[in-house]
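Engineer: Okay, handing you the structure first.
The values are calculated or read from the model by the stated rules, or taken from the named source; none is laboratory data. Everything quoted here is computed from the prediction, not taken from an experiment. Positions of Cβ are backbone-derived with ideal geometry, glycine not excepted, and every protein chain shown enters the neighbour counts.
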Amino acid sequence: MPVALDDIPVIRTPNPPVCSFLPPDARAALVRAANTPIDGDPMARVKAIEAVTARVKLLHSEFFQAPPLEE
């Protein structure tokens, strides 16, 4: 029997853990972007996260290198 989405509990934590893979400045910028309110524009948070991700890729490109292609 399929489960309705309304039946799935949503677990919200006030301060979820943040991955420590990226440098602190990049993590902080991504957390701020993730907290962008979506009052007027439902895509505001997505746009903010995409903008910060692009900036982090420029500043910390070593974390975004693609693995070498195997032939």
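Engineer: Can you tell me which residue within the stretch 20-53, out of those that are β-branched (Val, Ile, Thr) and assigned to a loop (DSSP other than H, G, I, E, B), is surrounded by the most Cβ atoms within 10 Å (Cβ to Cβ)?
Structural biologist: The residue in question is 36.
Quick grid of which residues meet (1) farther than 20 Å from residue 15 by Cα; (2) modelled with pLDDT under 90; (3) out of contact with any Gly (no Cβ under 7 Å at 6 or more places or on another chain):
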residue: 26; (1), (2), (3): no, no, yes
residue: 29; (1), (2), (3): no, no, yes
residue: 33; (1), (2), (3): no, no, yes
residue: 38; (1), (2), (3): no, yes, yes
residue: 44; (1), (2), (3): yes, no, yes
residue: 54; (1), (2), (3): yes, no, yes
residue: 57; (1), (2), (3): yes, no, yes
residue: 71; (1), (2), (3): yes, yes, yes
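Engineer: Report yes if some residue within the stretch 11-18 is exposed (fewer than 10 other Cβ atoms within 10 Å of the Cβ), at pLDDT 90 or above and not basic (Lys, Arg); otherwise report no. Walk me through it before giving the result.
Structural biologist: The initial filter retains those residues of the stretch 11-18 that are exposed (fewer than 10 other Cβ atoms within 10 Å of the Cβ), namely 11-17.
After this cut, where a residue has to be at pLDDT 90 or above as well, the list is none.
Checking the stretch 11-18: not a single residue is exposed (fewer than 10 other Cβ atoms within 10 Å of the Cβ), at pLDDT 90 or above and not basic (Lys, Arg).
Engineer: Which of the residues spanning the stretch 54-65 are surrounded by 12 or more Cβ atoms within 10 Å (Cβ to Cβ) and polar (S, T, N, Q)?
Structural biologist: None; the set is empty.
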